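Notes for the one structure printed next.
The values are calculated or read from the model by the stated rules, or taken from the named source; none is laboratory data. Predicted model, so just to flag it, every value in this text is computed and none were measured. Cβ: placed from backbone, ideal geometry, glycine included. Neighbour counts: every protein chain shown.
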Amino acid sequence: MAATKRDYYEILGVERAATEGEIKKAFRGLARTLHPDVSEEPNAEERFREVVEAYEVLSKSETRELYDRYGHAGLSSGGFTPTSFDLGSLSDLFSAFFGDDLFGVTGRTRRARGADVVAQIEIELAEAATGVKREVPFPVSVPCSTCDGSGAEPGTEPATCPTCNGAGRLEHVSRTVFGEFIRSQTCPRCGGTGRVIVHPCADCGGAGRVVEERTLEVEVPPGIHDGQQIRLTGEGHAGALGGRAGDLYVQVRIRPDPRFVREGNDIVSTVDLTITQAALGATLEVPTLDGDVELRFEPGTQPGEIHVLRGRGMPVLQGFGRGDQRVLVNVRVPRRLTDEQRTLLEELQRKLGEEHYGDDEGFFEKLKSAFR
């Protein structure tokens with residue numbers, strides 16, 4: 001049996017109302033302490049990976065909101081999987097998250113991770129109930145095939161940046177009465193790579209990447225909710241200088257179905273009975289996600305009554321079982337009557353006493369029960 005995951009806020013040592021800055025500060029402090037480069041604790045690597053995973057979730061508004069509402073189960077339902085990091089260098093890890101080198105390491109080519117891509121698809125509620133496969137088109141940057149992602153024209157090589165002499169960073173020394181202060185920044189000319197393209201590739205203009213239209217088949221799991229995202233790791237924009245590609249996030253939107261209202265894993269529908277069908281009883285066909293079924297309404301059915309169809313709702317996302325369908329009864333009253341019909345109803349009204357009606361739950365209470 002898999003071990004229960006720890007709370008991400010507890011791992012980082014912050015409150016649930018912590019700001020983005022507080023979360024970032026906590027992560028930096030723990031990463032410096034626990035990284036295998038510096039820590040001698042026997043379980044440092046395991047704890048470090050927990051810290052990285054917690055920060056990856058809590059530093060992004062969409063994954064943090066999903067975690068706050070539904071916990072770990074909500075993240076897995078939304079397609080989140082922790083990113084795999086090479087723990088060989090702590091400075092590379094900070095560069096991947098923050099885009100800077102907190103440890104002052106120079107002379108190293110920065111292979112920045114590619115940006116993520118967001119695409120959107122629309123499906124029907126019935127398709128969300130059964131699961132469906134969809135072709136998702138999206139534009140994405142890929143390594144240039146002409147220069148193999150180097151940005152230089154084939155047959156030429158990038159030159160050492162003359163501004164930083166290949167270090168990728170510039171240092172400014174200030175002398176004060178308190179001593180020397182050294183400020184380091186990324187070289188503005190080469191962007192931290194330490195190289196400049198003298199002869200840019202004609203196809204990509206020296207960027208090393210080109211944009212192409214790509215189509216992927218995405219499998220939408222049964223029971224997915226409107227607005228949830230499916231994450232496809234490594235299908236986003238290509239990274240710079242051979243860096244890891246970003247991810248593709250496919251947001252699933254579910255079109256409204258005029259027959260049903262979804263409430264979690266349950267669905268609510270209505271059925272119309274005439275005044276005589278409600279009084280005398282009737283058997284009618286009602287729609288479900290699996291097709292029409294016959295439903296018997298007993299004599300004396302009241303407006304707002306709820307008939308529950310067990311297991312006719314939405315599947316539990318990445319779980320077992322299904323929700324229910326609650327059928328809310330609406331009784332239709334005739335708007336136009338002939339003189340003969342009016343006379344018959346008036347005669348019936350004179351013959352019906354209070355004992356023919358009896359006590360019943362109020363309509364408003366029934367309506368609230370349908371949406372519980």
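So that you can scan it fast, the table gives a plain yes or no per residue for (1) out of contact with any helix residue (DSSP H, G or I) (no Cβ under 9 Å at 6 or more places or on another chain); (2) exposed (fewer than 14 other Cβ atoms within 10 Å of the Cβ); (3) at pLDDT 85 or above; (4) not aromatic (Phe, Trp, Tyr):
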residue: His35; (1), (2), (3), (4): no, no, no, yes
residue: Pro42; (1), (2), (3), (4): yes, yes, no, yes
residue: Leu66; (1), (2), (3), (4): no, no, no, yes
residue: His72; (1), (2), (3), (4): no, no, no, yes
residue: Asp92; (1), (2), (3), (4): yes, no, no, yes
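Of all residues in the range 126-154, those that are not assigned by TED's automatic domain parsing to the domain that holds Gly291 have Cβ atoms under 6 Å from Cβ atoms of residues that are among the acidic types (Asp, Glu), 6 or more apart or on another chain, in Lys133/Glu217; Lys133/Glu219; Glu135/Glu217; Pro139/Glu213; Val142/Glu212; Cys144/Asp203; Thr146/Asp203.
Can you name the number of the only condition in (1) closer than 20 Å to Asp324 by Cα; (2) surrounded by 14 or more Cβ atoms within 10 Å (Cβ to Cβ); (3) at pLDDT 95 or above; (4) not small (Gly, Ala, Ser) that Arg296 fails? So the condition that Arg296 fails would be (2).
Return yes or no: is Ala167 out of contact with any strand residue (DSSP E or B) (no Cβ under 7 Å at 6 or more places or on another chain) and either among the basic types (Lys, Arg) or not assigned by TED's automatic domain parsing to the domain that holds Leu248 (or both)? Steps first, please.
Numbers: out of contact with any strand residue (DSSP E or B) (no Cβ under 7 Å at 6 or more places or on another chain): yes; either among the basic types (Lys, Arg) or not assigned by TED's automatic domain parsing to the domain that holds Leu248 (or both): yes.
In short, yes.
Mind checking which residues of the range 143-157 are buried (at least 19 other Cβ atoms within 10 Å of the Cβ) and modelled with pLDDT under 85? Within the range 143-157, Gly149, Ser150, Gly151 qualify.
Determine whether the range 324-331 contains at least one residue that is without any contact (Cβ under 8 Å) to a residue 24 or more places away in the chain, in a loop (DSSP other than H, G, I, E, B) and not aromatic (Phe, Trp, Tyr). No, the range 324-331 contains no residue that is without any contact (Cβ under 8 Å) to a residue 24 or more places away in the chain, in a loop (DSSP other than H, G, I, E, B) and not aromatic (Phe, Trp, Tyr). How about the range 220-317: which strands (runs of 3 or more DSSP E) wholly inside it have at least 2 residues that are touching a residue at least 12 places away in the same chain (Cβ under 8 Å), in contact with a Phe, Trp or Tyr (Cβ under 6 Å, 6 or more places away or on another chain) and not assigned by TED's automatic domain parsing to the domain that holds Leu337? Here the list reads 229-232.
Between a residue in the range 57-71 that is over 14 Å from Ile11 (Cβ atoms) and any residue that is in a helix (DSSP H, G or I), which pairs come within a Cβ distance under 8 Å, given they are 6 or more apart or on different chains? Within 8 Å, the pairs are Thr63/Glu56; Thr63/Val57; Thr63/Leu75; Leu66/Gly74; Leu66/Leu75; Tyr70/Ser77. Only one of the listed residues (Arg49, Arg28) is assigned to a helix (DSSP H, G or I), at pLDDT below 85 and touching a helix residue (DSSP H, G or I) at 6+ places or on another chain (Cβ under 8 Å). That residue is Arg28. Do we have Thr283 as out of contact with any helix residue (DSSP H, G or I) (no Cβ under 9 Å at 6 or more places or on another chain) and at pLDDT 95 or above here? Against the criterion (out of contact with any helix residue (DSSP H, G or I) (no Cβ under 9 Å at 6 or more places or on another chain) and at pLDDT 95 or above), Thr283 qualifies.
What do you reckon, is Ala207 more than 28 Å from the chain's Cα centre (by Cα) and within 30 Å of Asn165 (Cα to Cα)? So Ala207 fits the description; yes.
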